[in-house]
1. Any residue at all in segment 308-317 that is more than 23 Å from Leu231 (Cβ to Cβ), surrounded by fewer than 19 Cβ atoms within 10 Å (Cβ to Cβ) and touching a Pro at 6+ places or on another chain (Cβ under 8 Å)?
2. For Ser206, state whether it is touching a Leu at 6+ places or on another chain (Cβ under 6 Å) and closer than 20 Å to Gln300 by Cβ.
3. Mind checking whether some residue in segment 230-243 is of a type in the set (Phe, Trp, Tyr) and outside the structural domain of Ile177 (by TED's automatic domain parsing)?
4. Filter segment 284-296 down to the residues that are surrounded by fewer than 17 Cβ atoms within 10 Å (Cβ to Cβ) and either part of a helix (DSSP H, G or I) or hydrophobic (A, V, I, L, M, F, W, C) (or both) and list them by number.
5. Looking at Ala319, Ala233, can you tell me which residue is closer than 23 Å to Ala157 by Cα and in a helix (DSSP H, G or I)?
6. Scan Lys42, Lys57, Lys35 and give me the residue that is touching a His at 6+ places or on another chain (Cβ under 9 Å) and of a type in the set (D, E, K, R).
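The values are calculated or read from the model by the stated rules, or taken from the named source; none is laboratory data. Treat the numbers as computed from the prediction; the structure is a model and nothing was measured. Please note: Cβ atoms are built from the backbone with ideal geometry, for glycine as well, and neighbour counts cover all protein chains shown.
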Amino acid sequence: MDFWWILYIIDGLLFVAVAATVAYFTVFVVASQIKRGTKIVKSKRQNRIIVLIPSYKCDDVIERTVNSVLGQMYPQRLFDVVVISDHQKEMTNFKLAQYPITLLTPNFKKSTKGKALQYAINNLPQFKIYDIAVVLDADNIVLPEFLEDINNAYESAGTKAIQAHRVSKNRDTSTAILDATFEEINNTVFRLGHISLGLPSALSGSGMAFNYNWFKENIGKTKAAYEDKELEALLMRQHIFVDYFDNIFVFDEKVRTTNDFKKQRGRWLSTQFHSIIKNIKYLPAAIYNKQYDLVDKILQWMLLPRTLMMGIIFFMSVALPFIYMSLAIKWWVIAAIILLIFAIATPDYLVDKRWDKAFIKLPFSVILSILHLNGLGRRSRH
């Protein structure tokens, strides 16, 4: 087999994989413009809520998060705040102990968010009864009406799981702006676009609310660091719809440096890979039983990761003209399509002069992320 045949095969396989991913994004970005969803109606019922905040070495931000949660308009007698302080400084724990919260201080040898949440559920007093479990990250900030909105949304949705709209609370570096943009693209595609077509929303990892009894029974089934993906799979297999509320905000800290960005993308790609390995066995049964939400979720995990997809498009668009110009044309077309789709998926509030500068940095960030993936792969084999 000569060089040209090898080039044709590689080019064809890569293009099919990329085109499938771009088509998936296109369908849900277009669907997101319909903006169908559950309307929030003020509920007469006020549920008892527990707010769980795992905090692993987040000494610099955890107090601000606790203050934002304690400052809720929701009746204080109806919600409790639990901070799972893992490997934090003694002074941080001393300060947290002054707040009207439940402070738990596990000391895991290998810490994960899932472990922290399981620890909290297992160590709550037995006499405590709740209706809703809310999960926040240690760097999240919420508005005073957050819990009231969650209560109303939960009752309006009539399901056991809902996801709030996670947005950036910082855009002080080009990397943070890129991270914020990708977060909003995820919100458009995997949340708003999905519920517009009657499919369940993806979970974000924070800003999530669950039926408490369901959460208590199922959080112990998560065994890995990617507990949100495991919870998604459990919800799908149990035929539980995840609703998404675009107008309930959780403000999330975005990574500020390129090094943190590439590590984050590396972790997420690793999570996607493990999600495929763990759940691919359920695909035949899901297709046979016409469980389209689970089929969609598994296929979603099988798509090319966005960072890798963009890296392939960039490389093929730049390299092929020097080898065989006619092969490059389709890559230019698909590059234009995905840029248009991402532009539609990006909210107007993010687009300013700072965003323009961050966008120029995008190819560099993508290349670094892919190189970091290669490093992760080498380390995992040793």
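1. Checked segment 308-317: at least one residue is more than 23 Å from Leu231 (Cβ to Cβ), surrounded by fewer than 19 Cβ atoms within 10 Å (Cβ to Cβ) and touching a Pro at 6+ places or on another chain (Cβ under 8 Å).
2. Answer is yes for this residue.
3. The answer is no, given that none of the residues of segment 230-243 is of a type in the set (Phe, Trp, Tyr) and outside the structural domain of Ile177 (by TED's automatic domain parsing).
4. Selection gives Pro284, Ala285, Ile287, Tyr288, Tyr292.
5. Ala233
6. Result of the check over Lys42, Lys57, Lys35: Lys57.
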